[in-house]
1. Could you go through segment A:644-656 and let me know if any residue there is more than 48 Å from the chain's Cα centre (by Cα) and over 26 Å from A:GLY615 (Cβ atoms).
2. Wholly within segment A:668-721, which helices (runs of 4 or more DSSP H) include no fewer than the required count, namely at least 3 residues that are at pLDDT 75 or above and of a type in the set (D, E, K, R)?
3. If you check A:ASP302 against the conditions, is it within 12 Å of another protein chain (Cβ to nearest Cβ), among the acidic types (Asp, Glu) and not in a loop (DSSP other than H, G, I, E, B)?
4. With the requirement that a residue be closer than 25 Å to A:SER61 by Cα, modelled with pLDDT of 80 or more and out of contact with any Ser or Thr (no Cβ under 8 Å at 6 or more places or on another chain), what does segment A:300-340 give you?
5. If I filter segment A:161-177 for residues that are in contact with a His (Cβ under 8 Å, 6 or more places away or on another chain), within 14 Å of another protein chain (Cβ to nearest Cβ) and buried (at least 21 other Cβ atoms within 10 Å of the Cβ), do I get at least one hit?
6. So, in segment A:253-277, of the ones that are surrounded by 22 or more Cβ atoms within 10 Å (Cβ to Cβ) and either touching a Phe, Trp or Tyr at 6+ places or on another chain (Cβ under 6 Å) or modelled with pLDDT under 85 (or both), which residue ends up nearest to A:GLY208 (Cα to Cα)?
7. Among what's in segment B:306-331 and is within 16 Å of the chain's Cα centre (by Cα) and surrounded by fewer than 21 Cβ atoms within 10 Å (Cβ to Cβ), pick the residue that is farthest from the other protein chains (Cβ to nearest Cβ).
8. What pairs come up if the first residue lies in segment A:559-570 and is touching a residue at least 12 places away in the same chain (Cβ under 8 Å) and in a helix (DSSP H, G or I), the second is buried (at least 17 other Cβ atoms within 10 Å of the Cβ) and among the acidic types (Asp, Glu), and their beta carbons are under 7 Å apart, counting only those six or more places apart or on different chains?
Amino acid sequence: MAQKKGVREDADELSHVPLQAVLLADSFAQKFRPITMERPKVLLPLVNIPMIDYSLAWLESAGVEEVFVFCCAHSKQIIDYLDKSEWLSLPKFTVTTIESHDSVSAGDALRLVYERNVIHGDFVLISGDTVSNMSLTQALQDHKDRKKKDSNAIMTMVIKKSKPSSLTHQTRLGNDELVMAIDPHTKELLYYEDKVDAADGMVTLDKGFLLDNSAIKVHNDKEDCYIDICSPEVLSLFTDNFDYQHLRRHFVKGLLVDDIMGYKIFTHEIHSSYAARVDNFRSYDTISKDIIQRWTYPLVPDIQFSGNRPIKLERQGIYKGSEFSSDIQLSRSAQIGPFTLVGSGTSIGDYSKISNSVIGEGCSIGSNVSIEGSYIWDNVTIRDGCQLNHALVCDGVVIKSGVVLEPGVVLSFKVVVGPQFPVPAYSKVSLLPQPTNQDSDEELEYADSGSRILDITSLNRALEVPNGELSRSSDNAEVGVAGVGYIWSVCEGGHEEEWRHSVAPIPANKIAELRKAPIEPDTPKLEILPAARVKPDVETSDSDDDPATDDPCDFDKEVEATFLRAVHEGVDQEHVIIEVNSLRLSYNMASLDCASAIFWSVMKLALETSHCTEGELFRNAVSAITTWRDLLRHYLQSIDEEIEIIMKFEEMCLESAKDFAPVFAKILHILYDKDVLTEEAILSWASEKEGADASDKIFVNQSQIFIEWLKEAEEEDDEEE
Amino acid sequence: MPDTQALVSEFVLKLKRRKVEGSHATARQTAELLRSVISQQRIPHTNQAAHLIEAVKVVGEQLISANPVELAVGNIVRRVLHIIREEDLSLATTAVGGLGLSADSDDDEDAERDDRTLLSATAVAAASRSTLRAPALHTLLEDIPDSAAAPHTPSSGGESEGKSKSDKSVRSRKLKHDVIEAINELLEDIDTCHEQIAEQAVEHIHQNEVILTLGRSRTVMEFLCAAKEKKRSFRVFVAEGAPRYQGHVLAKELVARGLQTTVITDSAVFAMISRVNMVIVGAHAIMANGGVIAPVGLNMVALAAQRHAVPFVVVAGSHKLCPLYPHNPEVLLNDLRSPSELLDFGEFSDCMDYGIGSGAPLHVVNPAFDYVPPKLVSLFITDTGGHNPSYMYRLIADYYSADDFVVQRRTALGS
């Protein structure tokens, strides 16, 4: 009886609790720098409407009654904005802000929300840069039903189909390829990996999945919408695991790995509705275009969903600010192309051409200006004869006459670009100097608490310095005569990546380069392998003339993968040989390379088999060599190849597999014993090394006894004859 | 009034979010909202009508701008404005008339005299000139009973109660009361328009005919069912009405009522039209020139019908009559909806990868409405009977005052 009563109460509670949402108005990332140094990301305009308005409008129309806006960076600006907006005055929709100054991650934010004790039931967790028009009803219902059956089903994640490009291995939103394993019947999420290593393109699934589930579907064409329906347990989990920082990387993966608690995450796939998150400049561009193409209906510019100014939609997707508020002064000879939005109060001069762009309110654009695929915010002045190509221009920027903005340029607030100055591609210009402690560390994006706080303080310091004085005095030359602003240097190595996440489309030569990248041989046994083989940038950038130069490493890995398959799946040696040969042809390698690659794989196998002592390692190596003797011998046709593998072994001992160093001589002996190496090869290797310096001779010296013995044996042989 | 303000903003929000579906529901809710606005409006003793009109205009403007595509909102706002003007006028007329007439004259006699004068057109014209009222053509056509019910009946009611004319406070209460009464009648009209239209079904649908329709319209559904109930046997072709496929819903409903129904694709309309005796469709709005704003695909059907000389009949309640012309800049003819109704975003996501920038990403256009020019329409059937497209402007003159055609701030500022 008691139980029954409890259930009923529970049901009652569910029906009475208003639907709540937590909106994180801070992305805890720095992808929108330098713009986000001065304004929080959620207030950046997306097609002339601040992003947070899209999120709130969607929550409101989806039936959410209570929203907690968590703000951290620039919290004051967000609170001021919300105070002025109409969101606070809507009936049946309350917006409460939670302010924090020391949160550095989504994890911290949720812990704080938990401390406030404001969440009483299931809630929707989104970030303030989400654009969606999906209906939550079904997803919520599913979530509640599952929760009733299984109290461990604490989260439902919204996903959407979206094919990643086969060339760049990123989605159209500029995110990395995402691999998910989902149980097709229960929709349970079993595996989540958003950082698929492009180098080996390998995804490892636990064998246990196959035992526990009757079916698994592995997807790489799904996109994470970053809309989660969570049960209150999620918050307490964050509190229990104080090291959870990132929602996906730590929390989701943590839950998936953790067997003890047995919490489960489910997915809800949406088909006809739209959901996406502005995560980087590329997604800013893509989502803006989706909005203009009306995928987000009814959250489109010509419907006033958030107190925005009236805008009229004309033919061919041209949106113009309504004439009633204030006139757009449009020269007769100016051409406005398709899929363009021009805000009210903007004037455009003679013979200017604008296409595929968004122009904010109160801009003045001179004559003979060409603007293509750019995003220009409010009150921007563009003088005559400028050319803007896929650029992002923030509020109050002044671009003097004749300036050329190359693709991917970002001009932050109030920057002035001097006349005739060409701004190089992908450069970011800001009035604020680049924080000095911004190093090339990739972890910066999810900086641990120490560096983040440092960051903020340095930022504050920068802000305290009166902008004008600082920048005008020192940096005139950076952005042309009479220009104001710093060009931020891209962190090293980052420049290569810049094209991936920029507002500009990927340049044609990059695409051509990616196309040229090696085509995979068909290896049908690797179903799970996404074809993520392209080694981006670092190598490819200099490989235009000779596509083969970047291959040896790849080739080695490929051979190793083939070999490991042979080991684990018991593939016949002959088949391995055929596969390796085909690899050799496709990579244009010599048989010398095959030999060393195979040898390397064999030794690596020995190394990776568990061992504690040198003796065990040695035994492993012996058994590996014995098993794969024939394979090795197949590739050791001449002395040259044998010498090559000795060198390779030496190199391994020095670098990748130092464990072998002590047993070098013993293994050399075994190789000789098993007829893998001939004495000639060993001797000529030794003689070759004779002239080398001491550091190179470590192993020769180590195997001195063996070599001596060989020499003696040879002499004996000679004598006998 | 804080109360009404909350109501208004709630409804504005609903309109903005496109949460009110269909012109019938929109019209009803607009009328109800305006009724409560008027009933809660405090009005001064002098110039009450102008005050009411101003109040309604303020609200009306918000409502119209919230969803300019849904013309029914504007229609109802204008009709309410018209009602206020009419009531004011009729009160003024009775007041003036009462003063002019001998004080002891019986009201019944007065009314009778009015009725008698109605018989002569010239007399009506004279009377209307004196009362500044546009002559209602309906009042001349005696064979149409109860025509133009909304504007006419309350005015006669006002006259009959005109006894207590001198007391100003009574008058002010009376104006409000009369207006609310009239709006109630308007609401009733909106509610019963389907039945009133359906009553005429037997006159139009004959035995063994083949009817074609596209998409789903409740008016069409009830029209067809009414004919069925009168033991007419006929067949219906339903074009499915891509991309929303409302035709499927209609087909289900018709089959449930025992009608012989065939579903065809929109593209098969031209092939089937030669076998069809009549096309009966619903509309989103009827414009003042007799043109129709209708679900997408109907222009094609109308052209096909014209090619084969098949009558093209539009059934619509009088709340869909819009006093604006389609070339009017106030009119937003179309609503471009989400492309996701046409195709699955996921399947085509690689065609819209702007990053790869192969030059021409995929564009999808999904307009909600078509404009069918008046020359393609054979007949309109409204709750007041069947009309020619060229007669629409006249019908509109009965329902709306010319002063209210533009309910934008410009007029508000001007007046």
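1. Taking every residue of segment A:644-656 in turn, none turns out to be more than 48 Å from the chain's Cα centre (by Cα) and over 26 Å from A:GLY615 (Cβ atoms).
2. In segment A:668-721, A:679-690, A:704-720 are the helices (runs of 4 or more DSSP H) which contain 3 or more residues that are at pLDDT 75 or above and of a type in the set (D, E, K, R).
3. The answer is no for A:ASP302.
4. Residues satisfying the conditions are A:VAL300, A:PRO301, A:ASP302, A:ILE303, A:LEU313.
5. Yes: one or more hits.
6. Ranking the qualifying residues of segment A:253-277, first place goes to A:LEU255.
7. The selected residue is B:TYR325.
8. Every condition considered, the pairs that remain are A:THR562/A:GLU579.
The values are calculated or read from the model by the stated rules, or taken from the named source; none is laboratory data. Computed from a prediction, not measured in an experiment: that's the story for all the values here. For neighbour counting, all protein chains shown are included, and Cβ atoms are generated from backbone atoms with ideal geometry for every residue, glycine included.
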